[in-house]
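Report on the following structure.
Read the figures in this text as sums done on the coordinates, not as results from a lab. What you are looking at is a predicted structure, and each value in this text was computed from that prediction instead of being measured.
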């Protein structure tokens, strides 16, 4: 096991990644931001978001002082929006509980909203040189292959065994290079498909390689049929404006701007009049689209309506009319962005029938 850590550290220093925007410093804020963004998201997708986010919110005080809507707008398109809400809450927590200074103790980092054991360990290693084990998705794959651990890494028993291995492999020195090396190995060599075993610095001790089981380990996620839900999104158009309403602060797309929704059995024109006081003309619906969440699939049926009048007593307390460019710059989820772009091409202006 000591050979594993030593080999990995040497490899990382010679062949690992050293030019990522969040590397080369010990600013815990920048490291924390990168680690949150990298949760379930590839480096190539994160980099432009990270750079824009840091330019707008250069430190914890700036992030804490921002509105949730500003934060979500900078996160729009990156997905898993609870990360952004937790990031904002954690910044306010640090300002309130730690006088704006990012905590250095592992348990205090772990207590921040949105920070789990592996993320806290990575922040501790990179920002403070502290010795804690990480176990993100890439590392789970590396260790499952190296030790030929059977089963899906997300299963509790399997994950517990992987944590034991991760703790046992920790080196006494060089924790930063070792931690980065594990991440680099899983991302660039010990990949999910077509692993480059010939380039692996620890391949000599890898049981999966010796057994020819690289493509079998780690075990697959148990097959589960995701339930499907369906909704109608109402795209109200009026004098070049598009109507968006703010979603509740928690739940799917919490705190973001979206199109109003009705149940599949509801009549769009009747619902528009009853709920918003909008007198509408039905336009051609846009093609249905699918959006996958972790626990279900959502089938979206976009229905376009031209607003021809508004009843005097109508109230739209949670909604706003925005121009297309302004709407695209707001905190919106990916499906809403896709539909807005179709509106921009004129796809939403054809009369029904």
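Taking Rh as the Kirkwood radius computed over C-alpha pairs, what is the Stokes-Einstein D of the chain at 37 °C in a medium of viscosity 0.692 mPa s, expressed in µm² per second? Intermediate results must be reported in sequence, preceding the final value.
On the way: Rh = 23.0 Å.
Result for D is 143 µm²/s.
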Item to check | Hull shadow area, averaged, the stretch 103-147 [alpha-carbon convex hull, nm²] | outcome: 3.4
Checklist outcome for this item: the chain, Gaussian network, Cα under 10 Å: of 41, 193, 250, the residue fluctuating most is 193
Checklist entry - What residue among 97, 297, 223 has the largest mean-square fluctuation in a Gaussian network model of the chain, using Cα springs under 10 Å? => result 223
Checklist entry - Quick one: of the DSSP bridges fully inside the chain, what percent are antiparallel, nearest 5? => result 65
Item to check | Within a Gaussian network of the chain (alpha carbon springs, distance under 10 Å), most fluctuating of 240, 255, 100 | outcome: 240
Checklist entry - So, in Å, what gap is there between the alpha-carbon centers of the stretch 166-211 and the stretch 100-130? => result 23
Checklist entry - Taking only the alpha carbons of the stretch 1-45, what extent do you get along each of the three principal axes, in Å, biggest first? => result 32, 23, 18
Checklist outcome for this item: Taking the chain and counting helices only, DSSP H stretches of n ≥ 4 at -39,500 (n - 2.57) each over all residues, the nearest-500 ellipticity at 222 nm comes to -12500 deg cm²/dmol
Checklist entry - Over the C-alpha atoms of the stretch 60-166, what are the Rg and the largest Cα-to-Cα span, Dmax, in Å? => result 16.4, 48
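Test of understanding: express the Cα radius of gyration of the stretch 172-312 as a ratio to 2.2 N^0.38 Å, with N the residue count.
So the Cα radius of gyration is 1.76 times the expected 2.2 N^0.38 Å.
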Next on the checklist: I need the Kirkwood Rh of the stretch 2-211: take the reciprocal of the average 1/r across all distinct C-alpha pairs and report it in angstrom.
Outcome noted: 17.9
Checklist entry - Cα atoms only, the stretch 209-274: Rg and Dmax in Å? => result 21.5, 68
